[in-house]
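Contents: one structure, followed by commentary.
Where a number appears in this text, it was derived from the coordinates with a stated rule and is not lab data. Every value quoted in this text rests on a predicted model; they were computed, and no experiment measured them. Cβ placement follows ideal geometry from the backbone for every residue including glycine, while neighbour counts extend to all protein chains displayed.
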Amino acid sequence: MGVYEKLGVKTMINAVGNGTAVGGSIMRPEVLAAMEDASRSFVRLPELLQKAGRRVAELVGVEAAYITAGAAAGVTVAVAACMTGKDDAKVHQLPNTEGMKDEVIIQVMQRNYYELMIRLAGARLIEVGLANRTYPWHIESAINEQTAAIVHFVAYSPPLDLPVENVIEIAHKHSVPVIVDAAAEFPPFSNLRRYADMGADLTIFSGGKGLRGPQSSGLILGREDLIEACTMHSSPNHGVGRPPKVGKEEIVGLVTALELFASEEFSQAELNSYEERTAYIVEALSHTPGILAYRETAPPSSFSELSGAAPEGVPLAHVEWEEAIIPKSKEEVRQELAEGSPGIMAAFSPKGISLAPHTMQPGEERIVAERVAQLLSTQE
């Protein structure tokens, strides 16, 4: 009997993507082995964090790196670092921000639940722009002597907000740092330095999504001075980032996951497996009368209730049908998939359902295709 079965918890096939609420990702055997190895010894955590960060920075090609307890924690720590710098007195003063820069700008179009992570550091949120557009002058006019940083949420960035490149240009003209939350923007491996190359001061990624590291891990990448400030706020030090501490096992596991993906051969094999699973589903369902199945690439900023959590560039299998021929709504199909045995989590697409391959395990694409075909079959 498995551990979930003992607890009475239903396991699912994940055809949605790397959401935290569904368990993030499945770690590779090499990652699990490294974490088990790490669990057998005591180390000085500051030394491990420093040297693991150095290794990550070397692998990615950025100035410095810090490992956190997830991307959300990374947002809080990064904002805190921008408000205090390496001033010990200010570090220990937070979340009281009296006497320091404490305004953080975000575009109103990007408002989302993770803005709470900004406020947890004690920062005041300054919303700019309109409900349907942001112009450069919106950001320019909001910057003043109290501005500590600008945060850009990639996953919640709609087409008509101000692109991150323009945000960075404006911010740096006024010596204001830019924090980019790119939690789920992986793969490809090159995305890890994409925003740093644009000039972002700090970029945040989840370790437990596309990287397939421990779910309770994340990365802050960027300027060395700000990364050093991040460490002052975080465990085992006593700042606002002390509660979401990352353990030695997660640190080693995340470094191992990065080392795997740093291999071009490994990364390409992983991406090829996504294409193969998608192609199988599309081909299998193309033989079912009344169904239109096709491949589509996940667009930028694709995290939503419609599309699940697929990073830009990942292939998706979209499935559509005529309700006049197959009298089932997409809500009904999604629910029936989830309630079956095994349960299958699928996302909505505008006209049907969307199936993401990167969180399926080998062979699960066959189960998914068979179940969808059964549910949408017109045969009695």
The set of residues whose placed amide H lies less than 5 Å from the amide H of Lys86, leaving out same-chain residues fewer than 5 positions away, is none
Here are several values of Rg and Dmax of the Cα atoms in Å: (i) 21.4, 79; (ii) 22.0, 73; (iii) 28.4, 98. Which one was derived from the coordinates shown? (ii)
Let a ≥ b ≥ c be the square roots of the eigenvalues of the Cα gyration tensor of region 112-190; is it rounded (a/c under 1.5), or, if not, prolate (a/b larger than b/c) or oblate? rounded
When a footprinting reagent is the concern and you count Cβ atoms within 10 Å, what order do Asp37, Asp201 take, fewest first? Asp37, Asp201
Bridge orientation stat for the chain from DSSP, antiparallel percent rounded to 5, came to 55
Calculate how many DSSP beta bridges within region 42-262 are antiparallel, expressed in % of all such bridges and rounded to the nearest 5. 40
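Which shape class, rounded, prolate or oblate, goes with region 1-105 when its Cα gyration tensor gives a ≥ b ≥ c as root eigenvalues, a/c under 1.5 marks rounded, and past that a/b bigger than b/c marks prolate? Show your work: numbers first, answer last.
Working: a/c = 2.28, a/b = 1.62, b/c = 1.40.
It is prolate, given that a/c is not under 1.5 and a/b is the larger ratio.
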Ranked packing of 208-221, 167-180, most packed first, by mean Cβ within 10 Å: 208-221, 167-180
3J(HN,Hα) from dihedral phi, region 328-333, Karplus parametrisation 6.51/-1.76/1.60, rounded to Hz, x for glycine, proline: 9, 7, 5, 5, 5, 5
Long-range amide H partners of Phe348 with built H, under 5 Å: Gly308, Ser354
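Based on DSSP H runs of at least 4 residues, each adding -39500 (n - 2.57), what is the mean residue ellipticity at 222 nm of the chain after dividing by all its residues, to the nearest 500 deg cm²/dmol? Please list the in-between numbers first.
Numbers: 14 runs with 151 residues, N = 380.
Helix-only estimate at 222 nm: -12000 deg cm²/dmol.
Would you please classify the overall shape of region 42-262 from the alpha carbon gyration tensor, given that a ≥ b ≥ c denote the square roots of the eigenvalues, rounded means a/c under 1.5, and beyond that prolate means a/b larger than b/c while oblate covers the rest? It would help to have the intermediate numbers written out before the result.
Values: a/c = 1.90, a/b = 1.31, b/c = 1.45.
It comes out oblate by the Cα gyration axes.
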Can you list the lysines whose alpha carbon is less than 26 Å from that of Lys86, not counting same-chain residues fewer than 8 positions off? Lys51, Lys101, Lys173, Lys245, Lys248
For Gly19, the residues 5 or more places away or on another chain with a placed amide H closer than 5 Å to its own amide H are Gly24
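Report the relative contact order of the chain, percent, no decimals, based on alpha-carbon pairs under 8 angstrom and at least 6 residues apart.
Details: 776 pairs, mean separation 84.6, N = 380.
Result for the chain is 22 percent.
Quick check on the exposure proxy: order Met198, Met360 from fewest to most C-beta atoms within 10 angstrom.
Working: Met198 16, Met360 23.
Fewest-to-most Cβ neighbours within 10 Å comes out as Met198, Met360.
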Whole-Hz ³J(HN,Hα) from phi, Karplus 6.51 cos²θ - 1.76 cosθ + 1.60, for region 235-242, glycine and proline x: 4, x, 6, 10, x, 5, x, 5
Here region 56-62 yields Karplus 3J(HN,Hα) values (6.51, -1.76, 1.60; θ = phi - 60°; whole Hz; Gly and Pro given as x) of 4, 4, 5, 5, 7, x, 10
